[in-house]
Each structure stands twice: as C-alpha cells, then as structure tokens.
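The values are calculated or read from the model by the stated rules, or taken from the named source; none is laboratory data. All values reported here derive from a predicted model rather than from experimental measurement. Here the Cβ positions follow ideal geometry from the backbone for every residue, glycine too, while neighbour counts run over all protein chains shown. Areas reflect the complete protein model, heavy atoms only, side chains present, ligands, DNA and RNA absent. Shrake-Rupley method; radii C 1.70, N 1.55, O 1.52, S 1.80 Å.
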Amino acid sequence: MICKKIMNSCSDLISLHRCCLKSLLCHQSTPAWWHVMPQNYCTVREINIKTETYQNTRHKQQSSFNDEEVRKFGALSDHWWARDGPYKPLHSLNRLRVPLVRDGLISTGATVSKDGRQPLEGVTILDVGCGGGILSEPLARLGASVTGLDASHKSIEAAQQHSSLDADLQGRLQYKCCDLDTFSQRLDQQYDAVVASEVLEHVDSIEAFIESCNACLKPSGSLFLTTINRTPLSFLGAIVAAEYLLRIVPVGTHTWDKFVPIEALKKLLEERGLQTRLQHGMLYAPVLDRWCWVADTSVNYALHAVNIADTSVNYALHAVNYAPESPMSPESPTSSLS
Amino acid sequence: MTTKVLRSLQVVKKSGSLQCVVCGSRRYSTSTNAESFSTNTSSNTSSTSTNSTNTSSTSTYSRKDAELFDIVVAGGGMAGFAMACSLGQSKVLSSLRVLVLEGGPHTDASLEALSAAPHDNRVCAIAPPSVRLLDKLGVWHDICGVRTGPVKRMQVWDSESDAMIAFGDGHRALAHIVENRVTVAALRARVPSSIEVRYGARVQSFDLPPPATDGLPLLTLRDGGHIRARLLVRGASVVRGASVVRGASVEHLEVWTVCRGGNTAARGTDSLPWWQHCSSRYGQSAVVATLQLEREENESNITAWQKFLPNGPLAILPLRHGLSSLVWTTAPGHAQALLAMDARSFADAINSALWSNERAHSAPWLESLQRRGTQLARDVGHLFSSATAAQVSSRLLPPPVVGVVEDSRASFPLALNHAVHYTANRVVLVGDAAHRVHPLAGQGANLGFGDVAALTTALETSLLLGETLGSASCLYEYERIRQRENLVMLAAIDALQKLYSSTAPPLVLLRALGLAAVDAIAPIKEKIEAYVQR
Ligand SMILES: Cc1cc2nc3c(=O)[nH]c(=O)nc-3n(C[C@H](O)[C@H](O)[C@H](O)COP(=O)(O)OP(=O)(O)OC[C@H]3O[C@@H](n4cnc5c(N)ncnc54)[C@H](O)[C@@H]3O)c2cc1C
Ligand SMILES: C[S@@+](CC[C@H](N)C(=O)[O-])C[C@H]1O[C@@H](n2cnc3c(N)ncnc32)[C@H](O)[C@@H]1O
C-alpha cells in the first residue's frame, strides 16, 4: 500500500517534471554540484559563468510579469487563508518577515513612535505580489498604511474579502489589481518601503522587477525581499522535498531556474543604488511548521536594501551583514522595541 | 427568570456539519455551590439540545446588544487581577479595552486598613519568580508596605523516620508569606483606571465559538447582561461553562470537579492516561488557621516548618513575631473534628502532631537501615564538599503553639485538577482555572503568576507580529510554554503527595534516604534551591 503510494509519487515526479529535469540537465548554467561530480572536472571559472548567463538570459525579456505564474496563484486563491492549506508556510513565515520589516523600518528611522501596539504608524508600504494579503494584513495592523498589489484578480478579491472581516484594517489597507510594471509607470505616490516576499522567484525579468520596485521607492526608502536561492540545495529543499516528498506546497509551485542567486541579486541591487543592509538565511521545519533565521542563505533568504539616492556616498552600513544577535530574532520581537 | 434563560438557549448552525449546541444556563442558575454542577455531561447535552430546538435560532455570536471588549478577564482573584495589571501596564497592550468581572462583592478595604486588621487565615507563600513579576507591576512594594512574613529557613521532616531536610541560610528570603487578600487588594490598586472592574458581576455561562470560526465568546452574567469578548481570559475555576460544542470538544476546557471526599466526577476522562486526567481527588482537606506561638525573645519567626504525617503534611508558616499560619492537610473527618474542637485542644492537637515520635512501623531493622543509609549519604556528601559533619543540618524543633486566633479556622477540600488544554478559540485559562495543585509545595498561586507573565509576553509578541488579538498561534504558544512548566510541577507535587501518604516501610525507607541524600549532598541541594528561586 505504502510502497505503491511511493512508487506512484515517484513516477508522478518523473513524468511531471521530465521537462524540468531535462532543463536542469541541459541547462546552460549547469548547477554547481554537476561540476563536482566525478565525471566532470570543473574549474572555478565555470561555476562563475552561472551568474553571468543568468543575467544574459534575463536581459532578453523586459517585463517582470509572467502570465502563467500569476494564473497558477489565481487558481488557488480560495486557499490563501486556509491555515493548513497550501500556503501554510507563508503564514508561519510571518514570524520572521513581519519583524524583518518592522525592525528594519525602525532601524532606518522611517517610523515616528516605536512604542505601543502600532510601531509602523505613518509609514507607507507597497506589498508587491501580495497574493491573499498574508503579509499585508499584519503590516497594516502594525499601523502602516499598506497598498497590496497583485496581478491576479482572484487573489485580490480573496484579499479584499478577508480584510473586510477585520474592522481594525479599514482605512489602512487597500488592494490594487495590477502588475508591477504598469503600476510603477502610473505611480501617484512613492512609498517608504516596498516589500516583495516570495515573488521574485515567479517573475520573468528580475531586473525589470527591481527597477519597478525602485521606481516606487522614496529616496532612502527600504526594499525588503524574500525569495529562494538558486543552488543544488534549493532544488532538493524547495522542489524535491517541499513539493514532491513532503507535499507542503502544490507540485509545480516553483521552477528551479527561476530561483534567484543571492550574489547576482545583490549586485543587481547595488547597480541601481540599493545598498544591502542585511541578509539572512531562513530555514523551514515542516513538521513544526516553524521558520528560523540561519546564517546559510543557500535555500531561502531575506534581504533588506536601502535606496541611496546619492550612490557616491560611501555607505557605512555596507558592513552590516548577517548578525546572529540581530534585533529581529523572532523569539524576542518585544525586547528590541522596549 | 425562566423565560429569560430560555431566550439564551440558542442553536447555532455553522457550515452544515459543525453544529454547536449552546446549552442554556438554566440548570446552573440557582446554584452557587460548585459541587452541584457536577452532573453527567451526556444527559446534560441531550436534555438541553431538546430544549434548544424549541427556542429561537438566532446566532449567539451576532448578538448586537452585548457590549464588546477586547479582553474580558473573568474572575478577579490573584491571577485575574495580576492579569489586568499586567495588561494595563504593558506598553503594547495598554491600548486594549479590558474588563474585569469579579463575582464577589466589592471590598473597599484599603491597604492601610488591611495593615491594621488582624491577619487573615488565607495565605500563600510567594516565591521569588512571583516576587519579580509583582515587583515589575509595582505591587510588591505595596505588599511589603502592608506586611509579609519572610521565610528565611525551611525545615521539612517525616513522622515515619528521622530523615529531615533544611533549606536556607537564615539571611536570604526563600519566600514570603502574604495574605491572599493583601495581594489581591494591592494588585487591584495598581490596575490602571483605563481598565474597567465590575464587582458582583457573576458570570453565569459563556458560549464559545466553535473552533476555527470567526465568532466571539459571549458571556451571560447573572443579572442577565451580555458581554462579548475578542479574547476571554478565564481566571475563575468555578465558572462552569455552559457550552458544549458537539463534534469538537471544548469540554476539556472545563475543570469540572471540585473534589470532596468521594465526590468526583471526572467525566469522560477515565480512559485518558494520568497526565491528561482533568482531575483526581486526594480525599484530603486542608485546615487553615492563624496560630499564636510561644514568643522567644531575640528569636524572630523566620522558619517555615513542614512535617509529613500519614494523613498529609502539616505546615506552619511565619507571619510575624509570635504569629504563624497553619495549613494542615488531613482526612476530611479529622478536619471536621479539628474545626469542632475548642481552641485549647486544637493547639494541643497541633503540638502533639508536631512533637510526637510515634510511628506506624518501628522495626529495629528499618531504623538501622535508615541510619546506615543516612550515614552513607553524608559520606557521599563529604566527597562533594569539604563540609564537616557539623554542616549537615541539625534538626530543630518548632516553637510550641500556645493558641489559635479566634474564628481563624477553616477547611478546604483539596484536589488535583489540570485542564488538558489551556486554550480554545478565543478563550484562555490562567491560574487555578487551568490547574489546581496540592498546597504541600505552596505553588498554586505561583504557577498562576507564571501563567500571567507568559500570557502577557505571548500577547505582546503576537500583537507586534501584526496578528489579530487572541490568534490561535499566540494562545497555542502560551499553552505550550505553560504546560511544559506546570506539568512538571504538577507531576512532582502529585508524586510527593503519593510518596508521603504511605507508611509502608519500603516507601518510608526510600523517602528517608532521598531526603538524607538531598540534605547531605550539596550540589543536589543547591540545584533544588536554584530551581525554586529561579
Ligand atoms: C489551604 C491552601 C493553601 C495554599 N497555599 C498556597 C501557597 O502557600 N502558595 C501558593 O502559591 N498557593 C497556595 N495555594 C493555592 C492558591 O491559594 C491558589 O492557587 C490561588 O488562590 C489561585 O488564585 P486564582 O486567582 O487563580 O483563583 P481564585 O483565587 O479561585 O480566584 C477566582 C476568582 O474568581 C471569582 N469568581 C468565581 N466564579 C466566578 C464567576 N462565575 N463569575 C465571576 N467571578 C467569579 C472568585 O470570586 C475569585 O475571586 C493554597 C491553596 C489552599 C487551598
Ligand atoms: C508566492 S505568492 C506571494 C504572496 C505574498 N507575497 C505572501 O507572501 O503571502 C506570489 C504572488 O506574486 C504575484 N505576482 C507575480 N508576478 C507579479 C507581478 N509582476 N506583478 C504583481 N504581482 C505579481 C502572483 O500573482 C502571486 O500572487
């Protein structure tokens, strides 16, 4: 019985992802582990090619919007708020990313008061790819005035429906159905912070996406990104384990070659005057349904970058990197405030 | 009256399969005696569900006439008022709209009045972690301003052997004996004025929203008023919830039993393993009283004495010079007899229980085994410290009881109660409502203060994560933290109670050697002291 189930899921895995496996094996930027296999004597130079090819391929399309990816989320829009549904890890990720945004904005001085229940009072936030608003709602509850942006109609409907249940959110949270590129071209205000959590791995052109994010950002505003790295480990963790073996998220949620290598992303940010202040690895424990901060960024990671209008300024914050005792330890969000 | 009650009988239909039958409060309405609530659940459910079908079927949760509060604390005891204080003083939580409902009458005894009044017979040993919480709330200073009895030395011994153990160096306070009413009054005085406190507001019943739905708990007060809460904090163990949600049990939230003698009703828990039992009875009662001790000049009253007798422990806790509080756990029949005695014979009964050397079994082999075991423990103890034999505690005798303060005698039935879950949808239990322990370790109120501190932290963390008030993950976090702590304490206290309620020679030997070992081996003793002080 169990054997049969395993067999089935194995064949599922192979047939469904034959193209993925194929693309993996024949991909121009062969993954790093491929090179260390005995039959293949790699050089350091070859591994480095990876990031370059990545940029080259992405340059061809200039839109961040991928219709197929957006439809994928629209189809599951009824499940955004099911606590045990396909988006369970996104719900529990709030324990890390809400403090990341909250304490990040407090540390850049974007906030007025940091005591009390609403430390983000008066801060404007754009949540790009907000989906059902899993992250938008808590940010609004912390006092921020949040605009949730998503290209999927159905997701925005689900988000609006859910936010109407909580009177505390009224007047603080609005949703817009639009893709980021179009939105950034018809901008009527810039934001103190732009958040794009778990979106980067679903867009076509990372550059166009980052550029649009930057356009929405006030000078010295903060950009918060969380996404998945492109490493062998992330293939095993985010696709093989999460989609096929443990079935935490639906099969086909992620495509490995859309994952975003952290070094390339940081370089890209830097070129556009976005200085990385903080980077953290994130690790998910499926059985406990808990996330924790880790130093290793090879699977999931989070970035906080600040828009420095004048790029010639040598930013002292440059040195700030992973700090284990950072104020955003999920265990003690209060301690950093009081 | 009946019609009003009938009106509150409602059926709520939620999404087909999940049917919630909210039993009305009729069967509970006239009773103020906790025992009479212990009726059988199944008959209870069936009879009320027939009732409810003939009554209105509007949703309980959409009642518009009910006042809405963010947090309602039901029960203004030590745990309830500590919770209110803690909520009101927290930077994060103070903007919430909080209401405290206390069933008892308003006692406007000021702290000054209390410090002039004679000592009350209900006291608690407040341990250092609780002192820290009370200090943080600004209450400890006020309590000290009234009066406390610092315990700087503690001696525990056994009627069945020579074994004994002593803690404390006579300088540092191990705990403070404080009258319950002083603690409550001091906490009450520090509740910020933004928090409303209603006295004489007895909660008659409360209806809980079914799990994972968006409803809010609805409280029905004895005067017929209704209150809705976004989060209900229950700090009153005797509130009997009149709600039974079929299919998804919330009965486990009810600490059903108040045990007296053979009157237990641990319904539906018979098949559960011991640690999930809602309750067990000890068949014991605690007799409390305020005792006058023989005053010894230049000898202050700083020692807590506890002697394990076959029927239960007898404890004498220092209040002030020449005055101590008695907590004597014993068989219910004996307790009745003790209450009925005149003051003179009562004092004699205590003295002879404390001083007597009578034993159930006194075989020479047992005593020689004990002596040798104790010697061995001391030898082992020397390995760990360079202590000389003189440093091993020597047994002291408590000062004789010379009298009992008039009208200070009372007795309470004892039980072990533990709720399997401390939380359900938008409800959370704190203090004795979640757990009742045997007073032998003086931990009941202290566990409650621990709950208050943990719940405050959990709520703060949760609100700063942008979660809704009383979100499931926050309550679950609280439950996880507290059960880990409380269950250990509960199990230890229960085990001690069982170990000491026997006179069987092997058990007597075991505990005698255990005590001797702990007393003589410094590292173990320090560990225990540190655990209690933590
Ligand atoms: C003999 C004895 C000795 C003890 N010694 C110690 C000790 O040394 N150290 C220690 O830490 N603990 C000790 N305890 C335990 C301690 O007394 C309790 O744990 C503590 O009082 C519990 O406080 P609480 O606030 O949780 O509950 P309670 O004190 O029971 O408070 C409940 C409150 O709710 C109110 N209430 C009840 N029903 C309703 C209703 N329907 N509606 C509204 N309000 C309601 C009541 O009036 C009461 O004020 C001892 C207990 C006993 C019996
Ligand atoms: C994994 S979901 C993330 C949801 C949300 N950020 C969260 O963490 O709960 C990705 C979302 O990004 C949206 N999306 C992808 N590309 C987009 C684009 N270019 N503009 C706007 N939304 C986009 C998709 O519709 C989808 O809802």
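Quick notes on this one:
- Listed by position, the helices (runs of 4 or more DSSP H) enclosed by the stretch A:68-168 that each have at least 3 residues that are more than 10 Å from chain B (Cβ to nearest Cβ), on the phi < 0 side of the Ramachandran plot and touching a residue at least 12 places away in the same chain (Cβ under 8 Å) are A:88-107, A:153-163.
- Taking the numbered list (1) within 11 Å of chain A (Cβ to nearest Cβ); (2) under 20 Å from residue B:209 (Cα atoms) in turn, residue B:461 passes all entries but (2).
- For the stretch B:404-462, a residue qualifies if it is in a loop (DSSP other than H, G, I, E, B), at pLDDT below 90 and not charged (D, E, K, R), and the qualifying residues are B:419, B:420, B:421, B:422, B:425, B:434, B:437, B:438, B:442, B:443.
- Whether a residue is open to solvent by 30 Å² or more (accessible area, probe 1.4 Å), part of a helix (DSSP H, G or I) and within 14 Å of another protein chain (Cβ to nearest Cβ) was assessed, and residue B:484 does not pass this test.
- Just one of the listed residues (B:420, B:427) is crowded, with 20+ Cβ neighbours inside 10 Å, over 30 Å from residue B:305 (Cβ atoms), of a type outside the set (D, E, K, R) and more than 14 Å from every other protein chain (Cβ to nearest Cβ), and it is B:427.
- Meets criteria (within 14 Å of another protein chain (Cβ to nearest Cβ), crowded, with 24+ Cβ neighbours inside 10 Å and on the phi > 0 side of the Ramachandran plot) for residue B:466: yes
- Scanning the stretch B:97-128 for residues that are within 30 Å of residue A:119 (Cα to Cα) and open to solvent by 10 Å² or more (accessible area, probe 1.4 Å) gives a single hit, B:97.
- Within the stretch B:469-481, being of a type outside the set (A, V, I, L, M) and more than 9 Å from chain A (Cβ to nearest Cβ) holds for B:470, B:471, B:474, B:476, B:477, B:478, B:479, B:480.
- Flag for residue B:403 being within 13 Å of another protein chain (Cβ to nearest Cβ) and either within 16 Å of ligand 2 (Cβ to nearest atom) or over 27 Å from residue B:128 (Cα atoms) (or both): no
- In the set (1) open to solvent by 20 Å² or more (accessible area, probe 1.4 Å); (2) touching a helix residue (DSSP H, G or I) at 6+ places or on another chain (Cβ under 6 Å); (3) of a type in the set (Val, Ile, Thr), residue A:255 fails one condition alone, (2).
- Count of residues meeting criterion [under 16 Å from residue B:410 (Cβ atoms), more than 16 Å from ligand 1 (Cβ to nearest atom) and surrounded by 14 or more Cβ atoms within 10 Å (Cβ to Cβ)] in the stretch B:316-348: 4
- Within the stretch B:488-499, the residues that satisfy the criterion of being under 15 Å from residue B:531 (Cα atoms) and surrounded by fewer than 19 Cβ atoms within 10 Å (Cβ to Cβ) are B:488, B:489, B:492.
- Candidate set from the stretch B:125-170 (those that are within 15 Å of ligand 1 (Cβ to nearest atom) and part of a loop (DSSP other than H, G, I, E, B)); member that is nearest to the other protein chains (Cβ to nearest Cβ): B:137
- The set of residues from the stretch A:190-221 being of a type in the set (S, T, N, Q) and either out of contact with any Ser or Thr (no Cβ under 7 Å at 6 or more places or on another chain) or near ligand 2 (Cβ under 9 Å from one of its atoms) (or both) comprises A:190, A:197, A:212, A:214, A:220.
- Residue in the stretch B:134-154 that is farthest from ligand 2 (Cβ to nearest atom), counting only those that are within 26 Å of residue B:91 (Cα to Cα) and crowded, with 21+ Cβ neighbours inside 10 Å: B:143
- Flag if residue B:397 is closer than 24 Å to residue B:170 by Cα and either aliphatic (A, V, I, L, M) or at pLDDT below 75 (or both): yes
- Selection count, the stretch B:62-97, where residues are closer than 27 Å to residue B:130 by Cβ, away from chain A (no Cβ under 13 Å) and assigned to a loop (DSSP other than H, G, I, E, B): 3
- When residue B:358 is tested against (1) in a helix (DSSP H, G or I); (2) loosely packed, with under 15 Cβ neighbours inside 10 Å; (3) of a type in the set (D, E, K, R), just one condition goes unmet, and that condition is (1).
- The stretch A:120-137, residues that are surrounded by fewer than 24 Cβ atoms within 10 Å (Cβ to Cβ) and either hydroxyl-bearing (Ser, Thr, Tyr) or within 19 Å of residue B:469 (Cα to Cα) (or both): A:121, A:124, A:134
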